Amino acid sequence: MAFIDFVRWAPQGDETIFAYRFPETNLSTYTQLIVQESQEAILFSKGQIIGKFGPGKHTLNTENLPILRNFYGLPFGKNNPFTAEVWFVNKLQPYNIDWTINRMDIHDADYNTGIPLVAEGRYGLRINDAERFLIKIVGTKDSFSQKDLTDQFLGEFTSKTKSTLMQFMLKNKIGLKQISAFLDDISEHLRTIMLPFWENIGFELTKFYLTSVEVDGSTEVGKRVLDAISRQSAQAIGGYTWQQSQTFEVAKDAVNGMSNGEGSGGLLGAVVATNLMGGLGGGLMQPQYNQPNFNQNNQTAQNSSQENSAAIHDVYCSNCSKKFTSNLKFCPHCGDEYCPCPKCGTDNDKRAKKCVSCGQALLQSQVICPNCNSPVASGSGFCGNCGKPVFQGKCTRCGVQLTPSIKFCPKCGQKT
C-alpha cells in the first residue's frame, strides 16, 4: 500500500470553493501537510476530529497528533501508517453572493393598493468556524462550492429575507415612492435578522445590502401598475387631471371615427367631436359664455357692488366636471376648492401652471383684490391695478386665504 508524502490543496479555476476533501486517505507519520495562508486543514479519523492545522508546513507525526497513539497504538518516532480524511477549508477569503426575491405582493402605503415587487442585493460570507461548517452542512460531499451553498439554503434564505423586508415596510409605512431613501436602514435590519442564521452553520455575515426594490414588470398586474404610475407622473408634470385626459381620449376617438367616414358612425363622430372640441377650447367642456371677467377697469370697479351680483355665473368643477356658481369657494358636489383663472374665471386644478381654457399663467398662490377682482401677487399689501389695500390673512389652523370681514374659516371653522 502506497503512502502519501505530501498533502496540499491549490484551488483551480474561477469557481468559489468553500471546502475541499483530499482524495487520498493513506497517510503516515512522515506525511507533510502544506496549508496555504487562506486555509485551515482539519483531519477526521473514525468519525472524529483528530487535528486542526493553520497556515504552514506540518508533519503528521505523533508529536503533532498525539491522539494517533490512542487510535492506532502507533509508537513514537517511527514511520507508521494510518488512515484519515484531510479537509481544507478556505477560511479567510470573504465571498460576495448576489441574491434576488422574484415576487412579493405588498399593500403599498403610497398608492394604497396591492403591488407586486421584486428585490435584489448582495451579502458577504466568511467561514469563522471550520469544524461547525464541515459537520453541519458539508456531510459526505468531496467539495462544497458557492452553488452548493445557495442551492441548499435558497428556500430558507428567501423566506426569511422576504418576510423581514415586508414586515419592515408595513410597520414603518414605507411605500414605493420612499423606499430608496430607506435602503441603508432596511439593509442593516435584514443583516441583524440573518446574522444568527449564518453563525449557526459556521459563517460570519460580513455585510448585507439591499440594492433595489421595484415593481415586478414581468407580471400583468405589474405592467398595469407601471402604466398607471407613468400616467400619474405625466398628469402631475403637465398640470392636467384624469378627467381632462379622459376627455382628450374621447375626443380623439370621435375624430378618428369622423375621419373614417363610415356611415352614421362618421356623422355621430362629427357631432361628438364638434361638441368635445368646443368644450376643450372652453376649458374641457366648460362653456365660454357667461364666464366672469376679472380684468375690469377702475371706472367699473367703483360700481363693484352691482357688478359682483352680475358677475356670478356657472362654472364647471375641474375635479368632478359638475356645474356650480362662481360665487362659491368650494364645489358643492365634491368639495374641491374653486381656483379661478384671473383672466377668464375657469376653474383649474391647484397644480395647474396654465389655465386649461385661455392659457393664462397661474399664480402659485392666487389672491384676488376684493375691490377690482384683479390678481394680486402673494405678499403684496396693495392691489397693483386699483391701489386699494389688500388683506392677505391666512387661517392659523389650515392655512386657507381669508378676507378681512370673515370671522370663521370656511374650511375648518377656526375663529380668526
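Structure summary
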{"quantity": "Pick from segment 36-48, criterion surrounded by fewer than 16 Cβ atoms within 10 Å (Cβ to Cβ) and either in the same structural domain as F133 (by TED's automatic domain parsing) or more than 17 Å from P11 (Cβ to Cβ) (or both), ranking: modelled with the highest pLDDT", "calculated": "Q48"}
{"quantity": "Within segment 191-233, tally of residues that are within 17 Å of M169 (Cβ to Cβ), surrounded by 15 or more Cβ atoms within 10 Å (Cβ to Cβ) and touching a Gly at 6+ places or on another chain (Cβ under 8 Å)", "calculated": "5"}
{"quantity": "Those residues of segment 80-111 which are free of Cβ contacts under 8 Å to residues at least 40 places away in the same chain and under 14 Å from the mean Cα position of the chain (by Cα), in sequence order", "calculated": "D105"}
{"quantity": "The listed residue being of a type outside the set (S, T, Y), within 17 Å of V315 (Cβ to Cβ), modelled with pLDDT of 75 or more and surrounded by fewer than 13 Cβ atoms within 10 Å (Cβ to Cβ), out of K329, K350, K343", "calculated": "K329"}
{"quantity": "Residue within segment 375-397 that is on the phi > 0 side of the Ramachandran plot and modelled with pLDDT under 70 present", "calculated": "yes"}
{"quantity": "Unmet requirement for Q366, which otherwise passes all of (1) touching a helix residue (DSSP H, G or I) at 6+ places or on another chain (Cβ under 9 Å); (2) modelled with pLDDT under 70", "calculated": "(1)"}
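The values are calculated or read from the model by the stated rules, or taken from the named source; none is laboratory data. The shown structure was predicted, so the numbers you read here are calculated from the model rather than taken from an experiment. Ideal geometry is used to build each Cβ from the backbone, glycine not excepted, and the neighbour counts take in all protein chains shown.
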